[in-house]
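The values are calculated or read from the model by the stated rules, or taken from the named source; none is laboratory data. None of the values given here were measured: they were computed from a predicted structure. Cβ atoms come from the backbone with ideal geometry, glycine included; neighbour counts cover every protein chain shown.
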Amino acid sequence: GKPEPEIFRLATARVGGTRPLGVGDRLNTDIAGANASGIPSLHVLTGISGAREVIMATPEERPSYLGIDLLDLSEPQPPVTQEGDWFCCRSARATIADDGLVLARDGGEFRLTDPATVTLDEYRALAVAGWSATAVAVPELKVTR
């Protein structure tokens with residue numbers, strides 16, 4: 001069973017998959033299993049693990065792609081690039097300062113200390129910024145399109 005990689009390999013072989021993608025809402029089974037089997041993964045925010053948990057995830061549980069729900073299967077995943085200390089996903093920009101997440105928005109910089117609503121691209125930038133740090137404080141996040 002999940003997260004053992006064999007179940008992912010068997011499923012891929014059974015359907016004759018050539019470009020498998022592990023999709024799930026649980027980091028410790030869906031995403032960890034896909035990662036352990038070498039399959040790219042898409043984490044969706046439809047159930048168990050939320051955005052906060054994704055940003056705080058161990059390397060073994062970090063997804064290849066981030067989405068809100070299964071609609072994101074039909075959308076290209078924009079890359080997150082690094083420009084100096086900033087992580088950018090299209091126009092969204094995030095960084096780490098004093099062990100906390102900072103988001104560039106509306107011409108200013110906002111440290112995320114309280115629960116916040118962020119766009120999907122902001123979430124993607126925040127996740128990669130968070131993964132670049134050894135420890136970071138992450139508030140609860142609601143992700144919208």
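Would you point out which residue out of I39, I55, I31, I48 is touching a strand residue (DSSP E or B) at 6+ places or on another chain (Cβ under 9 Å) and in contact (Cβ under 8 Å) with a residue 60 or more places away in the chain? Testing whether each residue is touching a strand residue (DSSP E or B) at 6+ places or on another chain (Cβ under 9 Å) and in contact (Cβ under 8 Å) with a residue 60 or more places away in the chain leaves just I55. Taking the condition on the phi < 0 side of the Ramachandran plot and in the same structural domain as A133 (by TED's automatic domain parsing), does E83 pass? Judged against the criteria, E83 is a match. What about E122, is it part of a strand (DSSP E or B), free of Cβ contacts under 8 Å to residues at least 40 places away in the same chain and among the charged types (D, E, K, R)? For E122, the condition - part of a strand (DSSP E or B), free of Cβ contacts under 8 Å to residues at least 40 places away in the same chain and among the charged types (D, E, K, R) - is not met. The condition (being outside the structural domain of A51 (by TED's automatic domain parsing), closer than 20 Å to L42 by Cα and among the charged types (D, E, K, R)) is satisfied by just one residue among R124, R111: R124. Scanning region 1-46 for residues that are under 14 Å from the mean Cα position of the chain (by Cα), in a loop (DSSP other than H, G, I, E, B) and not basic (K, R) turns up D25, P40, L45, T46.
One residue stands out among those in region 116-145 that are under 13 Å from the mean Cα position of the chain (by Cα) and acidic (D, E): the one that is surrounded by the fewest Cβ atoms within 10 Å (Cβ to Cβ), which is D121.
Only residues that are in contact (Cβ under 8 Å) with a residue 12 or more places away in the chain and among the aliphatic types (A, V, I, L, M) were counted in region 1-28, giving 4.
Rundown of residues vs (1) over 16 Å from G130 (Cβ atoms); (2) within 15 Å of the chain's Cα centre (by Cα); (3) of a type in the set (K, R), yes/no style:
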| residue | (1), (2), (3) |
| --- | --- |
| L73 | yes, yes, no |
| Q77 | yes, yes, no |
| Q82 | no, no, no |
| S91 | yes, no, no |
| A97 | no, no, no |
| L101 | no, yes, no |
| G107 | yes, no, no |
| F110 | no, no, no |
| D114 | yes, no, no |
